[in-house]
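J.: Quick one: structure below, then a few questions.
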Amino acid sequence: MPISPAQLAVLVSWIATGLGLGLWAWSFFREKNAIRKLRFLDCGVVLIFSAVLVRIVAQERPMNAIDWTLVFLSPLFIVAAFWRLARTACPGDYE
């Protein structure tokens, strides 16, 4: 039985969610440098909220109020995280 593109997208989005949660955990428990901690956290935010958007697009049921809220708030969180990633990127060493 072949996998459909929607099923593949949902599978990849769950993998991205796991990766994003791993980056969050790494930033909270393992990273000591404040800039690196913020960057790991922002990368996790981008992965998690983009994965949520993919799952909302791929779902087959009608959208409810929570889905609509996530559709409008997720891009804001993603853009804010990208903005902070751009602001904390510097050519210097973080050590």
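J.: Name the one entry in 15, 3, 35, 66 that is open to solvent by 50 Å² or more (accessible area, probe 1.4 Å), among the β-branched types (Val, Ile, Thr), out of contact with any strand residue (DSSP E or B) (no Cβ under 9 Å at 6 or more places or on another chain) and closer than 15 Å to residue 85 by Cα.
T.: Criteria check complete, one pass: 35.
J.: Out of 81, 25, 16, 86, I need the residue that is in a helix (DSSP H, G or I) and in contact with a Cys (Cβ under 8 Å, 6 or more places away or on another chain). Which one?
T.: Exactly one of 81, 25, 16, 86 is in a helix (DSSP H, G or I) and in contact with a Cys (Cβ under 8 Å, 6 or more places away or on another chain), namely 81.
J.: Then there's this: Does residue 22 fit the bill of being at pLDDT 95 or above and touching a Leu at 6+ places or on another chain (Cβ under 7 Å)? Quick ask: steps written out before the conclusion?
T.: Numbers: at pLDDT 95 or above: yes; touching a Leu at 6+ places or on another chain (Cβ under 7 Å): no.
In short, no.
J.: Next question, about the same structure. Would you be able to say whether some residue in segment 40-56 is open to solvent by 70 Å² or more (accessible area, probe 1.4 Å), closer than 19 Å to residue 82 by Cα, at pLDDT 95 or above and in a helix (DSSP H, G or I)?
T.: No, because not a single residue in segment 40-56 is open to solvent by 70 Å² or more (accessible area, probe 1.4 Å), closer than 19 Å to residue 82 by Cα, at pLDDT 95 or above and in a helix (DSSP H, G or I).
The values are calculated or read from the model by the stated rules, or taken from the named source; none is laboratory data. As the structure is a computational prediction, the values presented were derived from the model and not from experiment. Every residue, glycine among them, receives a Cβ derived from its backbone with ideal geometry; neighbour counts consider all protein chains shown. Please note that ligands, DNA and RNA were not included when accessible areas were found on the heavy atoms of the full protein model with its side chains. Shrake-Rupley method; radii C 1.70, N 1.55, O 1.52, S 1.80 Å.
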